[in-house]
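Student: The structure under discussion is supplied below as structure tokens; questions concerning it will follow.
Since every read-out is calculated from the coordinates, none of them should be taken as a lab result. A quick note: this is a predicted structure, and the numbers were derived from the prediction, not measured. All Cβ positions, even for glycine, are placed from backbone atoms using ideal geometry, and neighbour counts span all protein chains on display.
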Amino acid sequence: MTVFIIRRLMQAALVVLIMSFLVFSGVFLVGDPTEILVADDADQAERAAVIESLGLDKPFHIQYLRFLTKAAEGDLGESFVFNEPALQLILDRLPATMELAIAALLISIVFGIPLGVIAGLKPDAVYSKFIMTGSILGFSLPTFWVGIMLILLFSVQLGWLPSTGRGDEIHYVFGFPTSLLTLDGWSHVLLPAVNLALFKLSAVTRLARAGTREVVHQDYVKFARAKGLTDQRVIFVHVLKNILIPVVTVLGLEFGGLVAFSVVTETIFAWPGIGKLLIDSIGLLDRPVIVAYLMIIVLLFVFLNLMVDICYSLLDPRVRLQDIKA
Amino acid sequence: MSFIRRLGVTAVAMAALAGPAMAEDITIGIRSEPSSMDPYFHNLGPNNAMIGHVFARLVDFDSNQQLFPSIAESYKAIDDTTWEFKLRQGVKFHDGTDLTVDDVIYSFERADGYTGGNSSFRIYTKGKTLTKIDDHTLHISTEKPYPLMPNDLTTVMIMSSEAKGTGAPDTNKGIEASDFNDGTATMGSGPYKFVEWKKGDRIVLEKYEDYVGPLSQPWDKVTFRFIPSEPARVAALLAGDVDMIDNVPTSDIATLQKNKDVSLSDGVSNRVIYLHLDQWRDNSPFVTDKDGNPLDKNPLKDARVRKAISMMINRPAIVERVMEGVALPAGQLLPDGFFGRSPNLKPEKYDVAGAKKLLAEAGYPDGFGLTIHGPNDRYINDAKIAEAIGQLLSAAGIPTKVVTMPKNVYFSRASKGADGKPEFSFVLVGWGSGTGEASSPLKSLLATHDPDKGWGASNRGRHTDPKVDALIGEALATVDDAKRGQLLAEATDIAIGENQGIIPLHYQVNTWATRAGLTYNSRTDERTLAYDLKPAN
């Protein structure tokens, strides 16, 4: 298992390196950020000075080599826009996104699994059909539209929840800042989390339903029933445990997606996380931030994959972790 | 809902206190987050607006970009090359220290020498020598007569020379942009104190009790929240989460007007949306014959062709349909009321028959093919304007393709393509006059492109006319206001009226929306300022 983990980490390093090259050259090709950064009335000398101070007057290979040398020392460069270390900018914003993603994950699990199990146990009941139709909607409605509808309904019409932003009070739990310790924090996170969770919720519901349909016909469930166990015990112990494996796999991988693709939700709800930072940075071609962001996301995905593999082996003792030999 | 609740709470509290003024807090939802709180890091609209709450300037602009003295109590030109500024007595920085001429000189040194940053204020500080006469008297001299002195001084904000230690010898005085972002060095003398900046979320300011100066302080605590998404910003206002928003999308204006809980204020801005045409290449890459084959010469070099194109554009229709009525048709660089405008230039009339006649005169009776390039996320409805122009020209006999792209790709290609020259032939761009008068757009858009002189930096069509250059040069050295205004008007008459160096389309109108009971004094410089937001009697 140790060898497996080490090998995985080495692969990750290679992926990060390739990715940094692709993104770096991609943003380099798109254009020159100074054209949108400088003031309209700046003269040519001023423009040249900005280009020089950002190091953009150098040829591509020099810029990239300089980036790599600094990156090896843990310095991913300074944001063109904010003149602060790109890594610091991202790490400052990461907790807000994590908070949102975790809230969304909780919503998908807490609602998705029971709904899926219910729909799987009684597939022909009207409520099951209702659940499954709902999940199709959850899959197919565009996030930005749902987000705006949520704001219109719950903030503008009903006035129950705040429309945008994150809770004011930040508490530190084991060094991580979170707004979720106050009611105000939850009232802010609820709408964006539901919006972000909608897609995952549908996925989990469908997975849980499919799993349940398969498992209820298995011999061990029939046997459990034949033994005269109560419905509760059959469902909660025998069915639930066995449908969890695919659900955990998908959720683990999807958590990375929640963090990486919270862009739309964060923009609509003005949530101060990394998704919003990324969109702003792409708009202004803030290359150091874009590159640093994607490097962190790649590392996150690699880490999550690893975690999923390990959880998998714990949940299903038949699975042994080993590399597929080339 | 929450607004009514808030009113109720206020009423109860007022009754209980009966006397001392109530704490009035205000939350403003704005589209763009500043990139720094360092006053000299980035000469950018959102920065200048936000930082201007905390750091005052010697001279400032009112909502119509008319000058008024701020830290300076009065100013005048004492001879052709020297201006005298008398500072207001009793102005204190937020840490309680006095503001003197030393602080002004310190601020200018840091602004002038700033290294790094994304466009410094050097264009406004260069060539100026500051001399201290006494603690409250300052002389600023230039080599040649320089009439725009007060205008330039509306840009540089004054910081305390003791904000963070005594300052290192380096050009930035040993203070990093981040020292301003966390409040360490954010020590100005403006009406509001900096409290905190939660990146991506909000900036909080607090009333400075000992403020001395002409700006008003209607609120005790001001929270600026950054809400870039258009519908979310409107929703935040409707939900009562914010008291005011800026940049109201044109598509929402009609609905908001009917809403009794919302009041709108709009005003024309200093930003003109215009078209620039390639006037320097003999073979322009995006000008073709009607079948898309290259032409042997560039018709856009002929002023008659440019005028014909201008006449094919139905400005009132664009304003009515595309801009939903929220814009003003333009005939020159600045709307009514600005300094240096020409009295002669009106928006070109929509006249297809006349345009065709002009085209025939110029030798293109059958027209030619064209491609218009424009951004799709920079100006209000920019992509839709480009499409409308494409359709108008195509209908009038110049088949026009429309290509729009995100601003981050567009501007670097429009200014310098692969070979360092503007890549496109026919571009849609906008220009806001930061100095509030005509010399800045004339110098940047219509003067001959000349990197050594620093002129024509945004002249993407490379319009050139020695007469115009001479007039601009003369105007920039004429201290007498009336005469300078005339020279600028004359330059505009030639550059736009005769040469059609650019084709002005419309002036943008900006809209702010507040909850009922508040009113915002709309500003031509597009800034969103807490002190211009007041309770409606």
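Student: Rounded to whole Hz and in sequence order, give me ³J(HN,Hα) for region A:24-32 from the Karplus expression 6.51 cos²θ - 1.76 cosθ + 1.60, θ = phi - 60°, writing x for Gly and Pro.
Tutor: With the stated coefficients, region A:24-32 comes to 4, 6, x, 5, 4, 5, 4, x, 9 Hz.
Student: Given the C-alpha atoms of region B:76-225, compute the convex hull and give its volume per residue in Å³. Walk me through the numbers on the way to the answer.
Tutor: Details: hull volume 19.1 nm³, N = 150.
Normalising the Cα hull of region B:76-225 by residue number yields 127 Å³.
Student: Follow-up question, since we're still on this one. Just going by the charge dipole of chain B, with Lys and Arg at +1 and Asp and Glu at -1 on Cβ, which of B:Pro285, B:Tyr114, B:Gly29 is farthest out on the positive end?
Tutor: Positive-end residue among those listed: B:Pro285.
Student: In square nanometres, what is the average projected area of the Cα convex hull of region B:74-143? It would help to have the intermediate numbers written out before the result.
Tutor: Numbers: hull surface 22.4 nm².
Averaged projected area of region B:74-143's Cα convex hull equals 5.6 nm².
Student: What share of Cα pairs, in percent, lie more than 13 angstrom apart in region A:30-70? Before the final figure, lay out each step's value.
Tutor: Working: 459 of 820 pairs.
When all Cα pairs of region A:30-70 are counted, 56 percent exceed 13 Å.
Student: Which of the chymotrypsin sites (Phe, Trp or Tyr not before Pro) found in region A:103-184 are loop residues per DSSP with 13 or fewer other Cβ atoms within 10 Å of their Cβ? Numbers along the way, then the final one.
Tutor: Numbers: sites: A:Phe111, A:Tyr127, A:Phe130, A:Phe139, A:Phe144, A:Trp145, A:Phe154, A:Trp160, A:Tyr172, A:Phe174; in loops: A:Trp160, A:Phe174.
In loop regions of region A:103-184 (DSSP not H, G, I, E or B), the sparsely surrounded chymotrypsin sites (Phe, Trp or Tyr not before Pro) are A:Trp160, A:Phe174.
Student: Now a separate question. What relative contact order, as a whole-number percentage, does chain A give when Cα pairs under 8 Å and 6 or more residues apart are counted? Before the final figure, lay out the partial values.
Tutor: Values: 375 pairs, mean separation 87.9, N = 326.
Relative CO of chain A lands at 27 percent.
Student: How would you rank B:Leu476, A:Leu153, going from fewest to most other Cβ atoms within 10 Å of each one's own Cβ? Don't skip to the answer; put the middle values down first.
Tutor: Values: B:Leu476 18, A:Leu153 13.
The fewest-first ordering by Cβ neighbours comes to A:Leu153, B:Leu476.
Student: Kindly identify region B:166-208 as rounded, prolate or oblate by the Cα gyration tensor criterion: order the square roots of the eigenvalues as a ≥ b ≥ c, call it rounded if a/c is under 1.5, otherwise compare a/b with b/c, prolate if a/b is larger, else oblate. If you can, show how the numbers build up before the last one.
Tutor: Working: a/c = 3.84, a/b = 1.60, b/c = 2.40.
Oblate shape, in that a/c is at least 1.5 and b/c is the bigger or equal ratio.
Student: Next question. Along the Cα-to-Cβ line of B:Lys349, 7 Å from the Cα, sits a label point; which residues in region B:295-312 have backbone N less than 17 Å from it?
Tutor: Only B:307-312 fall inside the zone, counting backbone N under 17 Å.
Student: Can you find, among A:Pro123, A:His217, A:Asn242, the residue sitting farthest towards the positive end of the charge dipole of region A:86-284, where Lys and Arg contribute +1 and Asp and Glu -1 at Cβ?
Tutor: A:His217
Student: Residue by residue through B:443-451, how many Cβ atoms from other chains fall within 10 Å of the Cβ on average?
Tutor: Working: counts 2, 4, 1, 0, 0, 0, 1, 2, 5.
That average works out to 2.
Student: How big is the Rg/Rh ratio for chain A, C-alpha atoms only, Rh by Kirkwood, two decimals?
Tutor: On the way: Rg = 23.9 Å, Rh = 22.7 Å.
Taking Rh as the inverse mean 1/r over Cα pairs, Rg/Rh reads 1.05.
Student: Also: Per residue of region B:208-214, what does 6.51 cos²θ - 1.76 cosθ + 1.60 with θ = phi - 60° give for ³J(HN,Hα)? Whole Hz please, x for Gly and Pro, Karplus curve as stated.
Tutor: 9, 5, 9, 5, 10, x, x
Student: Exceeding 20 Å between C-alpha atoms, which entries from my cross-link table qualify? They are B:Lys307/B:Lys384; B:Lys301/B:Lys357; B:Lys401/B:Lys443; B:Lys384/B:Lys407; B:Lys443/B:Lys483; B:Lys76/B:Lys193. Don't jump to the answer; show the numbers that get you there.
Tutor: On the way: B:Lys307/B:Lys384 22 Å; B:Lys301/B:Lys357 17 Å; B:Lys401/B:Lys443 30 Å; B:Lys384/B:Lys407 15 Å; B:Lys443/B:Lys483 18 Å; B:Lys76/B:Lys193 30 Å.
Pairs exceeding the cut-off: B:Lys307/B:Lys384; B:Lys401/B:Lys443; B:Lys76/B:Lys193.
Student: Taking neighbour counts of Cβ atoms within 10 Å as a proxy for exposure, in what order, fewest first, do B:Lys128, A:Lys70 appear? Don't skip to the answer; put the middle values down first.
Tutor: Values: B:Lys128 18, A:Lys70 14.
Taking fewest neighbouring Cβ atoms as first place, the list is A:Lys70, B:Lys128.
Student: Same structure again: Could you give the size of the charge dipole of region A:2-72 about its Cα centre, using +1 on the Cβ of each K and R and -1 on the Cβ of each D and E, expressed in debye and rounded to the nearest 20?
Tutor: Numbers: 6 positive and 8 negative charges, 186 e Å.
Magnitude of the dipole: close to 900 debye.
Student: Any idea how far the Cα center of region B:455-523 sits from the one of region B:206-243, in Å?
Tutor: Cα centroid to Cα centroid, the span is 31 Å.
Student: Taking only DSSP H segments of four or more residues, each worth -39500 (n - 2.57), what value at 222 nm results for chain B once the sum is divided by all its residues, to the nearest 500 deg cm²/dmol? Don't jump to the answer; show the numbers that get you there.
Tutor: Details: 14 runs with 134 residues, N = 537.
Theoretical 222 nm ellipticity from helices: -7000 deg cm²/dmol.
Student: Now for a different question. Could you work out the percent of alpha carbon pairs in region B:426-501 separated by over 17 Å, rounded to a whole number?
Tutor: Considering region B:426-501, 39 percent of its Cα-Cα pairs are separated by more than 17 Å.
Student: Remind me, relative contact order of chain B in percent, using alpha carbon pairs under 8 angstrom and six or more residues apart?
Tutor: Working: 1148 pairs, mean separation 100.9, N = 537.
Worked out over chain B, it gives 19 percent.
Student: Also, I was wondering about something else. Give the shape of region A:141-237 as rounded, prolate or oblate, defined through the alpha-carbon gyration tensor: a ≥ b ≥ c are the square roots of its eigenvalues, a/c under 1.5 means rounded, and otherwise the shape is prolate if a/b is larger than b/c and oblate if not. Display every interim value, and only then the final one.
Tutor: Details: a/c = 3.29, a/b = 2.02, b/c = 1.63.
Cα axes put region A:141-237 in the prolate bin.
Student: Evaluate the Kirkwood expression for the hydrodynamic radius of region A:2-72, namely the inverse of the mean inverse distance over all pairs of different C-alpha atoms, and round to one decimal in Å. Walk me through the numbers on the way to the answer.
Tutor: Numbers: mean 1/r = 0.0688 Å⁻¹.
Roughly 14.5 Å, rounded to one decimal.
Student: Under the rule of at least 5 residues apart or a separate chain, name every residue whose amide H is placed under 5 Å from the amide H of B:Ser119.
Tutor: Amide H to amide H, under 5 Å and 5 or more residues apart or across chains, B:Ser119 pairs with B:Asn43.
Student: To continue, here is another question. So what are the ³J(HN,Hα) numbers for region B:184-190, from phi and the Karplus equation (6.51, -1.76, 1.60; θ = phi - 60°), rounded to whole Hz, Gly and Pro as x?
Tutor: Taking θ as phi minus 60°, the curve returns 4, 10, 7, 10, x, 10, x Hz for region B:184-190.
Student: Only four residue types carry charge here, +1 at the Cβ of Lys and Arg and -1 at the Cβ of Asp and Glu. Report the dipole size of chain B about the Cα centre in Debye, rounded to the nearest 20. Could you put the intermediate results ahead of the total?
Tutor: Working: 59 positive and 70 negative charges, 283 e Å.
That gives a dipole near 1360 debye.
Student: So, one more: Counting other beta carbons within 10 Å of each residue's own, what order do B:Arg527, A:Arg318 fall into, fewest first? Display every interim value, and only then the final one.
Tutor: On the way: B:Arg527 17, A:Arg318 5.
Arranged by neighbour count, lowest to highest, B:Arg527, A:Arg318 become A:Arg318, B:Arg527.
Student: Does chain B come out rounded, prolate or oblate, given a ≥ b ≥ c as the square roots of the eigenvalues of its C-alpha gyration tensor, rounded meaning a/c under 1.5 and, failing that, prolate meaning a/b above b/c?
Tutor: On the way: a/c = 2.14, a/b = 1.40, b/c = 1.53.
Verdict is oblate for chain B.
Student: While we're on this one: Given +1 on the Cβ of Lys and Arg, -1 on the Cβ of Asp and Glu, and no further charges, what dipole in debye does the protein assembly as shown carry about its Cα centre, rounded to the nearest 20?
Tutor: Values: 83 positive and 98 negative charges, 738 e Å.
The dipole of the protein assembly as shown has a size of about 3540 debye.
Student: Pull up all non-local amide H partners of B:Gly461: gap of 5 or more, or a different chain, and H-to-H distance under 5 Å with H placed in the peptide plane.
Tutor: none
Student: Tell me the Kirkwood radius of the protein assembly as shown: reciprocal of the mean inverse pair distance over distinct alpha-carbon atoms, in Å. Don't skip to the answer; put the middle values down first.
Tutor: Working: mean 1/r = 0.0332 Å⁻¹.
It is 30.1 Å.
Student: Points 7 angstrom from Cα along the Cβ direction at A:Tyr127 and B:Lys290: gap in nanometres?
Tutor: 7.0
Student: Using the charge dipole of region A:2-72 (Lys, Arg: +1 at Cβ; Asp, Glu: -1 at Cβ; taken about the Cα centre), state which of A:Ile36, A:Phe4, A:Thr69 has its Cα farthest towards the positive end.
Tutor: Value computed over the given set: A:Phe4.
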